[in-house]
Amino acid sequence: MNIVHTSIEGCFILEPKIINDGRGYFYESYNKQTFKQVTGLDVDFVQDNQSFSSKGVLRGLHYQIGDAAQAKLVRVIHGEVLDVAVDLRADSATFGKYVSAILSADNKRQMFVPKGFAHGFLVLSDVAEFAYKCDNYYNREQERGIRYNDPALSIDWGFAAEAVIVSEKDQLLPFFSEAEY
């Protein structure tokens, strides 16, 4: 497994070693020991989630606060997405900055999103299946979010605004300046 550091400390891309042959391919999508060895992090993932979405669907930007904060290891099983993580760590030099990466079933890349980050993704392919591991359980009371199109964040989703499909809940999320971290 190869680790690609992003411009924001703690957030990185993992590239698995893929074994291809005449039958197809094989790769280890997660191994706790290898993850710890390449990242230096001892993360105990406790919940796996999966979603299916159509082209143009944007989910996010979501996070949990307090003792319910979550680190996530995200990947795409089918299709392609633009994955985005926003640094909400007030003491960070990159507070309010974001990183993005194309994750797809073809490139098999994964993004590690540490605690203290908002996360979201936009489906670029006709459909996409998105899966992620969390190191903490979902907690509705501590769930928060930030509006995906907040001008203060200036996220380049690379997609026509009128073609983006966002849930009513996500359309009503606060702007970055009003959000609780």
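Taken together, the values in this text are just the output of simple stated rules run on the coordinates, not laboratory data. In this text, all values refer to a predicted model and were calculated from it rather than measured experimentally. Reconstructed Cβ throughout: ideal geometry from the backbone, glycine too, with neighbour counts over all protein chains shown.
Summary of values
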{"quantity": "Subset of segment 52-77 [over 18 Å from GLY145 (Cα atoms) and either surrounded by fewer than 14 Cβ atoms within 10 Å (Cβ to Cβ) or among the charged types (D, E, K, R) (or both)]", "calculated": "PHE52, SER54, LYS55, ARG75"}
{"quantity": "Number of positions in segment 6-63 that are of a type in the set (Val, Ile, Thr), under 16 Å from the mean Cα position of the chain (by Cα) and outside any loop (DSSP other than H, G, I, E, B)", "calculated": "2"}
{"quantity": "Every pair of residues 6+ apart whose Cβ atoms lie under 8 Å, when the first sits in segment 113-134 and is closer than 15 Å to VAL166 by Cα while the second is of a type in the set (A, V, I, L, M) and not in a strand (DSSP E or B)", "calculated": "LEU122/VAL164"}
{"quantity": "Counted residues, segment 135-168 - those being over 15 Å from GLN64 (Cα atoms), of a type in the set (D, E, K, R) and touching a residue at least 24 places away in the same chain (Cβ under 8 Å)", "calculated": "2"}
{"quantity": "Yes/no for LYS17 being touching a helix residue (DSSP H, G or I) at 6+ places or on another chain (Cβ under 9 Å) and either of a type in the set (Asp, Glu) or over 16 Å from LYS115 (Cα atoms) (or both)", "calculated": "no"}
{"quantity": "Where ALA90 falls short, out of the listed (1) under 18 Å from ASP135 (Cα atoms); (2) not in a strand (DSSP E or B)", "calculated": "(1)"}
{"quantity": "Some residue of segment 159-168 being in contact with an Asp or Glu (Cβ under 8 Å, 6 or more places away or on another chain) and either at negative phi or not charged (D, E, K, R) (or both)", "calculated": "no"}
{"quantity": "Scan of segment 165-181 for residues that are among the small types (Gly, Ala, Ser) and under 11 Å from GLY145 (Cβ atoms), ordered by number", "calculated": "SER167, ALA179"}
{"quantity": "Residues being touching a Gly at 6+ places or on another chain (Cβ under 6 Å) and over 19 Å from SER167 (Cα atoms) - total across segment 46-94", "calculated": "2"}
